[in-house]
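The values are calculated or read from the model by the stated rules, or taken from the named source; none is laboratory data. For clarity, every value in this text was computed on a predicted model and none was experimentally measured. Virtual Cβ from ideal backbone geometry, glycine too; neighbours counted across all protein chains shown.
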Amino acid sequence: MLEIRLHGRGGQGAVTSAELLAQAAIKEGKYGQAFPSFGPERRGAPVVAFCRIDEKQIKIRSNINEPDIVLVLDPSILRIVDVAAGLKGDGILVTNTKHKADEIRKELNLKCKLAVVNANGIAREELGLPITNTTMLGALLKAKAVVSPDSLIEPLRERFGRIAEKNIRAFKRAFKETELAF
Amino acid sequence: MGKRIGLEVSLSAAEAVKMADVDCIAAYPITPQTHIVEHLSELVNNGELDAEFIPVESEHSAMSVCAGIAAVGARAFTCTSSQGLALMNEIVHIVSSMRLPMVMILANRSLSAPISIWNDHTDVMSVRDCGWVQVFANNGQEVFDHVLFGYRVAESEKVMLPVMIHVDGFILTHVIEPVEFWETEQVERYLPEFKPVHALHPDRPVTMGCIAGPPIFSEVKVAQDEALIQSKSEIISAWKELGDIVGRNYKPIEGYKHEDAETLFITQGCFGETVSLAVDALRDEGKSVGLLMDRLWRPFPFEEFRQAVENAKSLIVIDRAISYGGQGGPLALDLRSALYKEKNEPIITNFICGLASRDVTIDDFKNIYNRSMEKIKVNPREEDFEYYGVRGK
Amino acid sequence: MAKTKTDLSWQELEIGGIVTNPGNAAEYKTGDWRSLRPVWDTKRCVKCGACYIFCPDAAIEETEEGYFEANLFHCKGCGICAHECPTQSITMVEEEE
């Protein structure tokens, strides 16, 4: 089973990212599970969402405390939340930042595998606003092929309707531009 | 086989209500039930579901409207949580006493105070004795299946009682997971048209909900209790037929590695699936442990429990509600009654945990197992129950 | 003779305690509640029907001659008819007499 924890700010779409991933996995015939950190919705507050993907039925329903992958949608969170907490030994931290992987590793004293992308920049250019949920999914799939990019396109189209194409462009650009430091 | 899609459990529950072709939905929004009602209002608004959607001004009115709908022989649906259920309480008791079939989903959430929007079973237990058929769902698929099952049982001429489906708030209602939809043809085969025994109609006038004084009240209430007790056979046959049609088999109690186990966890709701993983982990350590998940809450499956625990030496009952001033959680109390003076009566330890969605992990359940083993070694009767993971306890 | 409600066992009751014979309140003898009985003086009565209209129990019936009298199975002796009669042609008489 693969466990992904997503960190973002309320309103940025961390929950949507988790949902799209689970739906893509389910479309592939696998089992997917996505859920938010339950509480009152607070735009701007740091929030967490969770996603599990497995070949067999997922029974566990508790929060993810030891993730295989951590996905950070907002660079400002890196300095307020211990996003790498509990990350498995060979786990990957995928984050939105305009800095290079080495700089981030040094600043936050990270030992884990790192994948970085300037998602704010891409989202601003492609969508016109720094909502990074679909962009960061591109970075995630580059870091680890948890689902095939094609499986994500359909849920993305269903979710975003007329702005789907812009989101798909942002998703594909991030897939290309993500820097891996494993 | 119907299509398998990844959907939030609340939305798939609403889709199941649509497949049941309800005539009227009357509901008032309350967290964490909201997404179910929102989606139903969309389905009605978009013309995908031909039903009246009545946005009532309170839960008391929601249940009152549903009573009226069922009384004229139409199919009613509502859902609520916690405080909404508390406000609706008066009519919840009345609809079962008047034998009005309907289905309600209760998105389980703690009762205030302090205010909690999170999940536990304190609201469930506030209506334990309300006379409804009550079942727990452990995952999204079970929620979907049990909406259709609910109408099938409720409207059976032998039952004629409302059915409440307990769905853990957030932990289950807000999770995206795969659900296999039913084919329309399967629904048609499983759920016949509602033909009430009595209905309000100008051509056949009847009086419903009239006064009953001391000479007759007890007889009416015994008839109601007997109907709930007897409903079990109809519930079991409705599950069997559901299995024949969609291939998923449900029972009053679901066992997991329980047959040869010395110790059995007993759970309600979607905690059961997490405990099953704790059972796997404990088995790997060589412990003789299994699990029974209580699906049918009312009528309580006394016989089934007596049989299922026959070979067990001890039970670990997990409650997610408090019976204030009582000896343990409500599930443990019923089990103690069920097993009192049974041959080989197992020792029962009771843990109350997971209040207001406090996360209870696989490791926590392993700790609970170890704690239970300690307790039964020393003096099992010393304490009748224990709050798990509460600071200062 | 049919069983009265108080003889029925729980198995014999209608589902939900529903009453299926409409208007059966008419079988209930409320005449027992009466200590005073209305008596009409046909010499004063102008057949206006005010008593018939005002009776809260619909216990006043019209006779063939067009006068009025109480159905004593239902009349509770409340005296509203006597109070409302514009010609004072109704007297409330003690039941004992």
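Some points to look at:
- Which numbered condition B:GLU180 fails, given (1) crowded, with 23+ Cβ neighbours inside 10 Å; (2) within 14 Å of chain A (Cβ to nearest Cβ): (1)
- Hey, B:VAL167 within 14 Å of chain A (Cβ to nearest Cβ), closer than 26 Å to B:SER96 by Cα, of a type outside the set (D, E, K, R) and crowded, with 20+ Cβ neighbours inside 10 Å or not: yes
- Filtered by the rule that a residue be surrounded by fewer than 24 Cβ atoms within 10 Å (Cβ to Cβ), of a type in the set (A, V, I, L, M) and in contact with a Phe, Trp or Tyr (Cβ under 8 Å, 6 or more places away or on another chain), the stretch B:139-163 gives a lone residue, B:LEU148.
- Scanning the stretch C:42-58 for residues that are touching a strand residue (DSSP E or B) at 6+ places or on another chain (Cβ under 7 Å) and closer than 17 Å to C:VAL93 by Cα yields a single hit, C:CYS51.
- Hey, B:TRP132 within 21 Å of B:GLU8 (Cα to Cα), out of contact with any Asp or Glu (no Cβ under 9 Å at 6 or more places or on another chain) and among the aromatic types (Phe, Trp, Tyr) or not: no
- Only one entry in B:SER337, B:SER323 is more than 14 Å from every other protein chain (Cβ to nearest Cβ) and assigned to a helix (DSSP H, G or I), namely B:SER337.
- Residue within the stretch B:267-275 that is within 14 Å of chain A (Cβ to nearest Cβ), in a helix (DSSP H, G or I) and over 26 Å from B:SER126 (Cβ atoms) present: no
To keep it simple, each residue is scored yes or no on (1) more than 30 Å from A:SER62 (Cβ to Cβ); (2) surrounded by fewer than 23 Cβ atoms within 10 Å (Cβ to Cβ); (3) at pLDDT 95 or above; (4) aliphatic (A, V, I, L, M).
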site	(1), (2), (3), (4)
B:ILE25	yes, no, yes, yes
B:PRO29	no, yes, yes, no
B:PRO32	no, no, yes, no
B:ASN45	yes, yes, yes, no
B:ILE54	yes, yes, yes, yes
B:VAL72	yes, yes, yes, yes
B:SER96	yes, no, yes, no
B:MET104	no, no, yes, yes
B:ARG109	no, no, yes, no
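- Selected residue (criterion: nearest to the other protein chains (Cβ to nearest Cβ)) from residues of the stretch A:31-56 that are over 16 Å from the mean Cα position of the chain (by Cα) and at pLDDT 95 or above: A:TYR31
- Top-ranked residue in the stretch B:277-305 [being crowded, with 16+ Cβ neighbours inside 10 Å and of a type in the set (D, E, K, R); ranked as farthest from B:ASP363 (Cα to Cα)]: B:ARG298
- Candidates C:GLY17, C:GLY23, C:GLY66, filtered to the one that is away from every other protein chain (no Cβ under 13 Å) and over 30 Å from C:GLU96 (Cβ atoms): C:GLY66
- Verdict on B:SER237 being crowded, with 21+ Cβ neighbours inside 10 Å, closer than 15 Å to B:SER156 by Cα and not aromatic (Phe, Trp, Tyr): no
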